[in-house]
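**Q** Quick one: structure below, then a few questions.
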Amino acid sequence: MIATVVVAHPDDETIFFGGTIRRLARAGVRVEVVCATSTFASEGLTAIRRNEFRRACSVLGARARLLRVVDADGLLDETVLASELDRALVRPGRGPVLTHGVWGEYGHPHHIQVSLAVHRLTSRVWSLAGPFVTSMRLTLGPLELHAKRSLASAVYRSQPFAASWCSPVESYSQWTVEEAAYLGSLALGVRVGDAAIRPLTLADGFPDVDCVPRSVWQSGHAERLRRLSSS
């Protein structure tokens, strides 16, 4: 069995899933980390970020796989993303898949796009819980948290904030594809009609992203969350 972690960018795997990946690998589980984006603003930056990603996965004990999606200021190319993820995920022996939350952690549209694309391809998805009730939670011990932050600091020199964003908690929820599509649309600010989804219950705090400064949250994310919590 292969456990798969699907992320939008190099560094997401360490910041949000580093403790989980390390524990799975040490338990003897084969882990593959799939990163959607692999082409960035320049050839130099592309080489740096690809290298950082491969090094981080190696330290975590996982196999690194970079897809051919171009990073963008706006949305990622949906067609390319779907095609690349289909090739990466539809394989014999594929086990559970972990990915970004349907709310994009702090509203990042790329995270939301990746989460929705993964939900469309497989039903065995654990996504970062974000503001929602947690189905599975991993709380890192002091040594695990230190290892996670040290890895982010040592490897991701191009992303100097990475270590400070690493949380001591990695929590996950599970959604149907319909629920994920509905919540992802709300997060992206897309108007959606009535949808038959289970009652939503917000968690106290955002333990998997409590280290991300509110100043980096995408515009409108907090307001949409407030509207959802009062509906």
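**Q** If L98 passes every condition in (1) outside any loop (DSSP other than H, G, I, E, B); (2) within 16 Å of T39 (Cα to Cα) but one, which one does it miss?
**A** Here L98 meets the rest and fails (2).
**Q** Is there any pair linking a residue in region 81-94 that is at pLDDT 95 or above to one that is not aliphatic (A, V, I, L, M), with Cβ under 7 Å and at least six apart or on different chains, and which?
**A** Correct list of pairs: L81/Q113; E84/R68.
**Q** Which condition does F17 not pass, out of (1) hydrophobic (A, V, I, L, M, F, W, C); (2) crowded, with 23+ Cβ neighbours inside 10 Å; (3) part of a strand (DSSP E or B), if it passes all the others?
**A** Going through (1) hydrophobic (A, V, I, L, M, F, W, C); (2) crowded, with 23+ Cβ neighbours inside 10 Å; (3) part of a strand (DSSP E or B) one by one, F17 breaks only (3).
**Q** I've got another one for you. In region 95-122, which residues are touching a residue at least 40 places away in the same chain (Cβ under 8 Å), under 24 Å from M1 (Cα atoms) and hydroxyl-bearing (S, T, Y)?
**A** Answer for region 95-122, where residues must be touching a residue at least 40 places away in the same chain (Cβ under 8 Å), under 24 Å from M1 (Cα atoms) and hydroxyl-bearing (S, T, Y): T99, S115.
**Q** Please indicate, with yes or no, whether at least one residue in region 187-196 is within 14 Å of the chain's Cα centre (by Cα), within 29 Å of V80 (Cα to Cα) and either touching a residue at least 40 places away in the same chain (Cβ under 8 Å) or surrounded by fewer than 18 Cβ atoms within 10 Å (Cβ to Cβ) (or both).
**A** Residues of region 187-196 that are within 14 Å of the chain's Cα centre (by Cα), as a first pass: none.
No, region 187-196 contains no residue that is within 14 Å of the chain's Cα centre (by Cα), within 29 Å of V80 (Cα to Cα) and either touching a residue at least 40 places away in the same chain (Cβ under 8 Å) or surrounded by fewer than 18 Cβ atoms within 10 Å (Cβ to Cβ) (or both).
**Q** Let me ask something additional. Which one is surrounded by the fewest Cβ atoms within 10 Å (Cβ to Cβ) among residues in region 30-73 that are assigned to a loop (DSSP other than H, G, I, E, B) and free of Cβ contacts under 8 Å to residues at least 40 places away in the same chain?
**A** First, pick out the residues of region 30-73 that are assigned to a loop (DSSP other than H, G, I, E, B): 40-42, 61-62, 71-73.
Within this subset, residues satisfying the condition of being free of Cβ contacts under 8 Å to residues at least 40 places away in the same chain are 40-42, 72-73.
Working: F40: 19, A41: 10, S42: 9, A72: 13, D73: 5.
If we take residues in region 30-73 being assigned to a loop (DSSP other than H, G, I, E, B) and free of Cβ contacts under 8 Å to residues at least 40 places away in the same chain, then D73 is surrounded by the fewest Cβ atoms within 10 Å (Cβ to Cβ).
**Q** Something else about it: Go through R149, R120, R198, R124 for me and flag whichever is of a type in the set (D, E, K, R) and within 23 Å of S58 (Cβ to Cβ). Spell out how you get there, then give the answer.
**A** Values: R120 fails: within 23 Å of S58 (Cβ to Cβ); R198 fails: within 23 Å of S58 (Cβ to Cβ); R124 fails: within 23 Å of S58 (Cβ to Cβ).
On inspection, the qualifying residue turns out to be R149.
The values are calculated or read from the model by the stated rules, or taken from the named source; none is laboratory data. In this text, all values refer to a predicted model and were calculated from it rather than measured experimentally. Please note: Cβ atoms are built from the backbone with ideal geometry, for glycine as well, and neighbour counts cover all protein chains shown.
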